[in-house]
Amino acid sequence: MPPPVSAPSTRSRKIVRPGLTSARRGLVAALLLLGVRADLRAQSPAVPVLPAPLANYTSVLPPHFLNPAVVQQDNTPADNPITDAGATLGRVLFYDKRLSANQTVSCSSCHRPDSGFSDPRRFSVGLDGGLTDRNSMGLTNARWYQRRTFFWDERAATLEVQVLQPIQNTVEMDLSLPTLVSRLGGEAFYADLFTAAFGSPTVTTDRISRALAQFVRALASTRTKYDAGVGVNFSNFTAEENLGRRLFHGEIGAATCAQCHGTDNFSSGPRINNNGLENPYVDKGVGAVSGRALDEGLFKVPSLRNAALTAPYMHDGRFATLEEVVEFYNSGVVAHPNLSPPLRARPPAQGPLRLNLTAAEKAALVAFMKTLTDTALAADARFADPFPQTAFHDADLNRDSRISLAELTRMIELFNTRFGSVRTGSYAVAAEATEDGFAVDRGRASDRLARLARYHAADSDRNGKIGLPELTRVMEFYHSRAGTIRTGAYHAAAGTDDGFAPGP
Ligand code: HEC
Ligand code: HEC
């Protein structure tokens, strides 16, 4: 049978032992097919793999980040500047499932790097399968928000306060801070990380909060097409992108976007706004916190940097695409007593602002917002998961850093028990949308396609299902090819981008 993934890429040349790369890929495919992560993941997570010397989180910002309008948006407090050791500790905490009571959820479960540190799901799934009541917020450039407050309704006065909330939130991570402190205190590697960051191994809530806040503030996007254009009068933009830029800033047409999504951070200034999504608001935003009618529908908006990655949009994730967002501002803003002035019609006209954009202008606004996408940030190793591939770690029951045939068999059994049979349903449907543990996660469209290709390759009788014989053949194939199912040390491999990690 064919390998369940495309032929090894040029990457395989880097591998000392030929064949191992595709063996690893095949194993990953098998793990993905099995979807047993959910069954095994309650086991204690791994030890992080970190660079030495420490990664640099304090690199100098480009000149346009030093202009006064941007500097006054910077919410870094004087007593918690970013340090390399602090942000490194923050990175480990951010990806560590120990921060949730049953050790199944980390911050990154709902703030994913390839989604602009947001969640592609409309509502995020917490530790026991419960849903959050709002859409996760992108964390790109969260460091710059003039009002310094956090959450859609600004209920956290600072980022240092905010980062401790999800840990204690009963839907999200449900862990008490004393339990967290004692749990982390029992891990030798944390003693080293706390010492490097704060001078002693003592774990405290305050130190956890500072380190997490430093890491979140370090998620600075400064390398977009937009940034490259700032110094050259956007001569690097296409005509469409420049049209969108001028529309966004109100140089052409009636749009007022930049009045609320301002500066080179595309975040708001001194005001918090109501953008007329509905009337009355189901979720009152600031109004639910203050109990005052004049706060109804006021919401913080995260920076629009990386907006193309953070779908769905708005506090309730109601819009799936940027096109829908633009059409909303074009024709759909709803009258509301608290509607912010930039979205009201110019007197003597009444009611919400209507933009009357042409199809080309709407497309241009979307094209402009896409110039704010920073793929370098998503791919940046400084911000990546420092823990070894969890699927491998979870499968490695005896923790010898290898997946044996016995461990694979155990996984098949577990999966079998859970679903009554190895039948996994139509893989096309499963890969697309199910939450049943079959698909590892939904991820980007390109990931989904890669997954579909693997399913298709493994489905040798082309019946749309992966049967036990097919699964067994995948195992046998890789067994014969690599001589054994032994896959090497996943600790070393997880950081190497050598085909061990799943996805394209
Ligand atoms: C189960 C999903 C989930 C987990 C886990 C989670 N978050 Fe969030 N996060 C959300 C949601 C949803 C919101 C918006 C909630 C709201 O505004 O009421 C949010 C908002 C935020 C914000 C506010 C951003 C802004 O601009 O105001 C920050 C910062 C943040 N999360 C960081 C973290 C950190 C750090 C962790 C880990 C300690 C974490 N989150 C864990 C779902 C999650
Ligand atoms: C009056 C201020 C205001 C104006 C003008 C405005 N917005 Fe917004 N924008 C907001 C607020 C507030 C939110 C969040 C609302 C919510 O979730 O309830 C938001 C949300 C968004 C989001 C979704 C962000 C996310 O992470 O979910 C996008 C994209 C966006 N706006 C783009 C635009 C564009 C494009 C324009 C111009 C056509 C524009 N905005 C004009 C205030 C404004």
In region 279-319, the trypsin sites (Lys or Arg not before Pro) that sit in a DSSP loop and have at most 16 other Cβ atoms within 10 Å of their own Cβ are R292, R318
Quick calc, region 98-222, dipole around Cα centre from Cβ unit charges on Lys, Arg (+) and Asp, Glu (-), nearest 20 debye, gives 320
Counting only residues 5 or more apart in sequence or on a different chain, those whose built amide H sits under 5 Å from that of L50 are none
So for R0 = 30 Å, FRET eff. of E240-D380 from the Cβ-Cβ r, to 0.05, ends up at 0.60
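At a 1.4 Å probe radius, which order do V105, V171 fall into by accessible area, largest first?
V171, V105
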If each part is reduced to its alpha-carbon centroid, region 315-364 and region 198-242 end up apart, in Å, by 29
Percent relative contact order for region 225-376, counting Cα pairs under 8 Å at least six residues apart, stands at 29
Put D79, D385, D96, D74 in order of accessible area, largest first, probe 1.4 Å, and you get D79, D385, D74, D96
HN-Hα couplings for region 70-75 via Karplus (6.51, -1.76, 1.60; θ = phi - 60°), in whole Hz with x for Gly/Pro, come out as 7, 4, 6, 8, 5, 9
Residue-ordered couplings for region 167-178, obtained by feeding phi - 60° into the Karplus form 6.51 cos²θ - 1.76 cosθ + 1.60 and rounding to whole Hz (Gly and Pro as x), are 4, 8, 4, 5, 7, 7, 10, 6, 10, 6, 5, x
For F319, other-chain or 5+-apart residues with amide H closer than 5 Å (H placed, Pro excluded) are Y313
Against the 2.2 N^0.38 Å rule of thumb, the C-alpha Rg of region 225-376 sits at a ratio of 1.05
Expected field for M173, accessible surface area in Å² at 1.4 Å probe radius, rounded to 10, holds 10
Sorted by chain and then number, the residues having a modelled amide H within less than 5 Å of the amide H of L298, at least 5 places away or on another chain, are V286, G287
Rounded to whole Å, √(5λ) for the Cα gyration tensor eigenvalues of region 287-391, largest first, gives 33, 21, 11
So the FRET efficiency between A156 and R318, C-beta based with R0 = 22 Å and rounded to 0.05, is 0.40
Taking a crude spin-label model, label points 7 Å out from Cα along the C-beta direction, the V71 to D128 distance in nm is 5.0
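The values are calculated or read from the model by the stated rules, or taken from the named source; none is laboratory data. Quantities reported herein were computed from a predicted structural model and do not represent experimental measurements. Positions of Cβ are generated from backbone atoms using ideal geometry, with glycine treated the same way; all protein chains shown enter the neighbour counts. Quick note on the areas: whole protein, heavy atoms, side chains included, nothing else; ligands and nucleic acids left out. Shrake-Rupley method; radii C 1.70, N 1.55, O 1.52, S 1.80 Å.
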